[in-house]
Amino acid sequence: MKPLVSIITPCYNGNGKIQLYLDSILNQTYDNLEIILINDGSTDNTEKIILSYKNKFINKGYKFIYLKQENSGQDVALNNGLKFFSGEYLIWPDSDDILLEQNIEKKVEFLEKHKEYGLVYCNAEIVDSRNINK
């Protein structure tokens, strides 16, 4: 069985951006995932957006954990999420990130082949959220 990858993502007022992020997780070629989303006291409709994705994640067989806290900062949200992860591997992208489809698969493949490494990262590109092709 493939190793479980836990994704911990703090989010604050993600309206307009978090949908692209959640879609990018759902489009991953790697399929043994759990997602832990921590709403850090958002005042917009972030909670509604996240919860509208719950069944999409569950239908793909992913474990879905949603936490809500008073606004305390990204570090506190991340630490709260760490209490719930159960994967062999952990990633913590931001809620305005967009992961390429093979992002997680390539990282897991590398780490599985190279046990001497404990960490892997990738390059990033800056895009315009109104037109991600820019």
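Yes/no per residue for (1) of a type in the set (F, W, Y); (2) open to solvent by less than 50 Å² (accessible area, probe 1.4 Å); (3) on the phi < 0 side of the Ramachandran plot:
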{"site": "I18", "(1), (2), (3)": "no, yes, yes"}
{"site": "T29", "(1), (2), (3)": "no, no, yes"}
{"site": "L37", "(1), (2), (3)": "no, yes, yes"}
{"site": "E47", "(1), (2), (3)": "no, no, yes"}
{"site": "L51", "(1), (2), (3)": "no, no, yes"}
{"site": "Y62", "(1), (2), (3)": "yes, yes, yes"}
{"site": "G81", "(1), (2), (3)": "no, yes, yes"}
{"site": "F85", "(1), (2), (3)": "yes, no, yes"}
{"site": "W92", "(1), (2), (3)": "yes, no, yes"}
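Of the residues making up segment 16-46, those that are in a loop (DSSP other than H, G, I, E, B) and polar (S, T, N, Q) are N27, Q28, T29, N32, S42, T43, N45.
For segment 108-132, the candidate set comprises residues that are of a type in the set (D, E, K, R) and assigned to a loop (DSSP other than H, G, I, E, B); within that set, the residue that is most open to solvent (accessible area, probe 1.4 Å) is R130. Considering (1) without any contact (Cβ under 8 Å) to a residue 12 or more places away in the chain; (2) surrounded by 15 or more Cβ atoms within 10 Å (Cβ to Cβ); (3) not basic (K, R), the lone condition that I58 does not fulfil carries the number (2).
Can you name the residue in segment 1-15 that is of a type in the set (A, V, I, L, M) and part of a loop (DSSP other than H, G, I, E, B) and, of all such residues, is farthest from V108 (Cα to Cα)?
Restricting to residues being of a type in the set (A, V, I, L, M) and part of a loop (DSSP other than H, G, I, E, B), the top hit is M1.
Take the conditions (1) open to solvent by less than 70 Å² (accessible area, probe 1.4 Å); (2) in a loop (DSSP other than H, G, I, E, B); E105 misses just one of them, which is (2).
The values are calculated or read from the model by the stated rules, or taken from the named source; none is laboratory data. Since the model is a prediction, treat every value here as computed from it, not as a measurement. All Cβ positions, even for glycine, are placed from backbone atoms using ideal geometry, and neighbour counts span all protein chains on display. Protein only, heavy atoms only, side chains kept; ligands, DNA and RNA dropped before computing areas. Shrake-Rupley method; radii C 1.70, N 1.55, O 1.52, S 1.80 Å.
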